[in-house]
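Following: one structure in structure tokens, then a few remarks.
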Amino acid sequence: MTKQLIISAPSSNAGKTTLTLGLLRLFKRKKYAVQPFKVGPDYIDPKFHQLACNKVGVNLDLFMMTQNQIHNSLHFYGKDAQISCIEGVMGLFDGAKKDQGSTAEMAKKLKTPVLMVIDAKSVAYSVAPLIQGFVNFDKEVQIMGVVFNRVGSERHYKMLKEACDDISVHCFGYLSNLKNIEIPSRHLGLNIQEIEKFDTVINQIADELEKTIDWKAILEASKEIKPISVSSEKIIQPKKIKFAVAKDEAFNFMYPQSISAMETLGTVEFFSPIKDDKIPDCDFIYFAGGYPESYLKELSCNTKMLTSIQKFAENNGQIYAECGGMMYLGKTIISENKTAFKMAGIFDFEATIADKKLHLGYRTSKINEHIFKGHEFHYSSLINDNETSINAIITNARAGNTTTKIYKKNKVMASYVHHYFGTSEILLQLINEINNTI
């Protein structure tokens, strides 16, 4: 029997990730099989999840995924778990439009109870109306109780606990206001090595939680999920596709479901544009997003790899690249100090991270009759753009127009959007569009 809970908060920066990582490490110490999940399109928190419990967090997203796809992901990746911990996104009711796509909507669709993390740094009895408001706002959202974060002392906690008792909300304990345990907010430029430095921080959090929260009661109050076998997709393919996936320090933003979809259609081989001198033998290359701006010298100096990619593209090889992967396929990437580093030169544009500007939001891309869902998050921009973009309609979460483009040259397609290709059906649609002649 698997237990399942959602961890949320009234707002961002209240301590959701801190508590989630501490619980994941604590459960792992107690010899429970844990599977983390993350609500929303974020790539960073799942990497922290992996550091905490050796299992990568799997994204669940109501905008990009159907409810059936979410259900299949939960059961496929959580099939061997005793506890599935689902970390929410932003505040409990914060969605792309009102509460659409929010953690609250996810909790209702999954019928899973929510553990609320309340930042108690500058508050005492006033938490009562705050918590009561969240409990009563939408009765379909089942709030199992609260954990307080940044508590100053045992006396402070006693006051907070009294507030919970007076409104009949279960309090599972607290995390003290510890120094130097802040988990950094999500942002591009936080590379994998920097994430690994937080291992000792996660240990500290787990040490404290073991003393100050009733983790057994949290497990008891979580939802019981009966294991359900998820049938594998049966796709009739004339031949197995050989996928090559760029994966190293520079390129590592990819949804596990997209890799699983590739494995359904063929074989997957990973390679490193930084360390390897050529691409593997393959039919299709996937360049995910990541941190190319942190490895510009290494990427630019690996001229054998760049030549290998250029030849593959010239010989009608199929390539799909997104965000950082797309930047890598341009002529140059210009660093923060305005130094230009030569890249693959497949597309006639340059990417720059000088003069950073945030581009953020969900995207729906309509290419011919196919619709792809995704998310855009980057600080870089394209300049000297002489490349032709395809006639795609790309809208935001509110169906408004965007300036985002999708580029295509021969059988190479690229965009700033991180699209979700989590089923073989969606992936085949992408491959068909790449093979379409404009």
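Provide Phe372, Phe134 ordered by accessible surface of protein heavy atoms (probe 1.4 Å), highest first.
Numbers: Phe372 5, Phe134 40 Å².
These residues rank, largest area first, as Phe134, Phe372.
Could you pull out which residues in region 335-374 have an amide N less than 19 Å from a spot 7 Å beyond the Cα of Arg398, following the Cα-Cβ vector?
Correct set: 358-365, 374.
Compute the FRET efficiency between Lys158 and Lys356 as 1/(1 + (r/R0)^6), taking r as their Cβ-Cβ distance and R0 = 41 Å, and round to the nearest 0.05.
Numbers: r = 46 Å, r/R0 = 1.12.
Approximately 0.35, to the nearest 0.05.
Taking the Kirkwood radius as the inverse of the mean 1/r across Cα pairs, report the Rg/Rh of region 52-185. Spell out each step's value before the answer.
Working: Rg = 16.4 Å, Rh = 16.5 Å.
Here Rg/Rh amounts to 0.99.
With labels modelled as points extended 7 Å from the Cα through the Cβ direction, what inter-label distance (nm, one decimal) is found for Asp277 paired with Asp166?
It works out to 7.3 nm between the two label points.
Pop out the ³J(HN,Hα) list for region 345-356 in order, Karplus 6.51 cos²θ - 1.76 cosθ + 1.60 with θ = phi - 60°, rounded to Hz; leave Gly and Pro as x.
3J(HN,Hα) across region 345-356, in whole Hz: x, 6, 9, 8, 7, 10, 10, 10, 10, 6, 6, 4.
Extending each Cα 7 Å along its Cβ direction at Asn203 and Tyr32, get the distance between those two points in nm, one decimal.
2.2
Relative to 2.2 N^0.38 Å, what does the C-alpha radius of gyration of region 310-356 come to as a ratio? Two decimals please.
1.21
Find how much the distance from Thr267 to Asn13 grows on full extension, using 0.36 nm per residue of separation minus their present alpha carbon separation; answer in nm with one decimal. Each step should come with its number before you reach the end.
Numbers: separation 254, 0.36 × 254 = 91.44 nm, distance 4.01 nm.
Gain on stretching Thr267 to Asn13: 87.4 nm.
Once you have the Kirkwood Rh of region 75-153 from its Cα pairs, apply Stokes-Einstein at 4 °C and 1.567 mPa s and quote D in µm²/s.
Estimated diffusion coefficient is 92 µm²/s.
Which order do the peptides 342-350, 198-206 come out in when sorted by mean C-beta neighbours inside 10 angstrom, highest first? Please report the intermediate quantities before stating the final value.
Values: 342-350: 20.0, 198-206: 17.7.
Top of the packing list down: 342-350, 198-206.
Expressed as a rounded percentage, what relative contact order does region 278-359 have, with Cα pairs under 8 Å and six or more residues apart?
The normalised contact order for region 278-359 reaches 30 percent.
Peptides 56-62, 15-21: what's the order by average Cβ count within 10 Å, highest mean first? Intermediate results must be reported in sequence, preceding the final value.
Values: 56-62: 22.9, 15-21: 26.0.
Going by the mean number of other Cβ atoms within 10 Å, highest first, we get 15-21, 56-62.
Across region 256-368, what fraction of all alpha-carbon pairs, as a whole percent, falls in each successive 10 Å bin from zero upward?
Reading upward from the zero bin: 12, 43, 33, 12, 0.
Please list log₁₀ I(q)/I(0) at q = 0.09, 0.16, 0.23 Å⁻¹ for region 1-124, using the Debye equation with identical point scatterers on the alpha-carbon positions.
Once normalised to I(0) and log-transformed, intensities are -0.22, -0.71, -1.44.
Would you calculate a helix-derived [θ] at 222 nm for the chain, using -39,500 (n - 2.57) for each DSSP H run of n ≥ 4 and dividing by the full residue count, to the nearest 500?
Values: 14 runs with 138 residues, N = 438.
My calculation for the chain gives -9000 deg cm²/dmol from helical runs alone.
Where does each of 33-40, 258-265, 158-165 land if you order them by average Cβ count within 10 Å, highest first?
Numbers: 33-40: 24.6, 258-265: 19.0, 158-165: 16.9.
Packing proxy ranking, top to bottom: 33-40, 258-265, 158-165.
Which one, Lys139, Lys278, Lys331, has the greatest fluctuation when you compute a Gaussian network model over the chain with C-alpha springs under 10 angstrom?
Lys139
So for the chain, averaging the separation of alpha carbon pairs under 8 Å that are six or more residues apart and normalising by length, what relative contact order in percent results? Don't jump to the answer; show the numbers that get you there.
Details: 933 pairs, mean separation 57.7, N = 438.
13 percent.
If you stretched the chain out fully between Lys139 and Asp348, how much longer would it get, using 0.36 nm times the residue separation minus the C-alpha to C-alpha distance?
On the way: separation 209, 0.36 × 209 = 75.24 nm, distance 5.38 nm.
Answer, rounded to one decimal: 69.9 nm.
The values are calculated or read from the model by the stated rules, or taken from the named source; none is laboratory data. Just so it is clear, the model here is predicted, and its values are computed rather than measured. Cβ atoms come from the backbone with ideal geometry, glycine included; neighbour counts cover every protein chain shown. Side chains are part of the model used for accessible areas, which takes the heavy atoms of the whole protein and leaves out ligands, DNA and RNA. Shrake-Rupley method; radii C 1.70, N 1.55, O 1.52, S 1.80 Å.
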